[in-house]
Amino acid sequence: MESTVPAVLIPEEKILSRVAELARRISEDYAGVEELVLVGVLRGCYIFLADLSRRLTIPRRIDFIALASYGMTGTVPGAVRLIMDLRTDIAGKHVLIVEDIVDTGDTLQYLLGALRSRGPASLKTCALLRKPERLRTEVRIDYLGFDIPDLWVVGYGLDYGDRNRALPYIGVVETGE
Ligand code: IMP
Ligand code: MG
């Protein structure tokens, strides 16, 4: 059983100041918009979305969506399915997808297609982390926290086998791969 404490990759203070900066930019960019719909991608987004949404100064609504990959090790590259849908009808609304981490880009790519077909007024993306070395699709991230190396990270909502989500910092774990 894994019991070691994950090594710090991004300390808590650095995450929080970056989240505040992202919230400031988003609030500026959407100033004057009637309402922004934040779509959190469960489950990894929950802490990031909580901190980000509390720092926005614009009217906003929070909703969630949950997705799962078909083959965990990519037997069917890019195959993603919806396991829980939004409650909000996003037609004509300004929508911002909030993701914890963009790895291959498959999840975000799928979500952009799925949500775009519902006719939002605008659709943008926000991710706390991205692993540029792992990307296999061109996917635009409008608001990005940090680029990180190809490592498995946990904490601040992210997990490895459902462990370490509540760590206050982003840490690295050995996955044995
Ligand atoms: P993608 O579809 O390959 O971009 O993967 C996206 C999802 O895989 C993320 O939203 C996470 O849920 C999960 N994921 C990818 N890399 C990590 C990691 O390093 N730590 C925790 N979860 C990860
Ligand atoms: Mg995610």
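Between ARG81 and LEU144, what's the calculated FRET efficiency when r is the beta-carbon distance and R0 is 22 Å? Round to 0.05.
Efficiency, from the Cβ-Cβ distance: 0.30.
Under the 0.36 nm per residue contour assumption, what length would be gained going from the current alpha-carbon distance of VAL8 and GLU35 to full extension?
6.1 nm
Order of 46-57, 4-15 by packing, highest average Cβ count within 10 Å first?
In decreasing order of mean packing, 46-57, 4-15 become 46-57, 4-15.
Relative to the present Cα-Cα distance, how much length would full extension add between THR137 and ARG118 at 0.36 nm per residue of separation?
4.6 nm
What accessible area per residue comes out for the range 104-150, rounded to a whole number of Å², with a 1.4 Å probe?
47
Checking the cross-link filter: which lysines have an alpha carbon closer than 27 Å to that of LYS93, excluding same-chain neighbours under 8 positions apart?
LYS124
Would you mind checking the tilt of helix 12-29 against the longest principal axis of the Cα atoms of the chain, expressed as 0 to 90 degrees and rounded to 10?
The answer is roughly 20 degrees.
Report the normalised scattering of the chain as log10 I(q)/I(0) at q = 0.15 Å⁻¹, calculated by the Debye formula with identical scatterers on the alpha carbons.
-0.86
The values are calculated or read from the model by the stated rules, or taken from the named source; none is laboratory data. Since the structure is predicted, the reported quantities are computational estimates derived from the model, not experimental observations. Please note: Cβ atoms are built from the backbone with ideal geometry, for glycine as well, and neighbour counts cover all protein chains shown. Ligands, DNA and RNA are stripped out before the accessible areas are found, and what is left, the full protein with its side chains, is counted by its heavy atoms. Shrake-Rupley method; radii C 1.70, N 1.55, O 1.52, S 1.80 Å.
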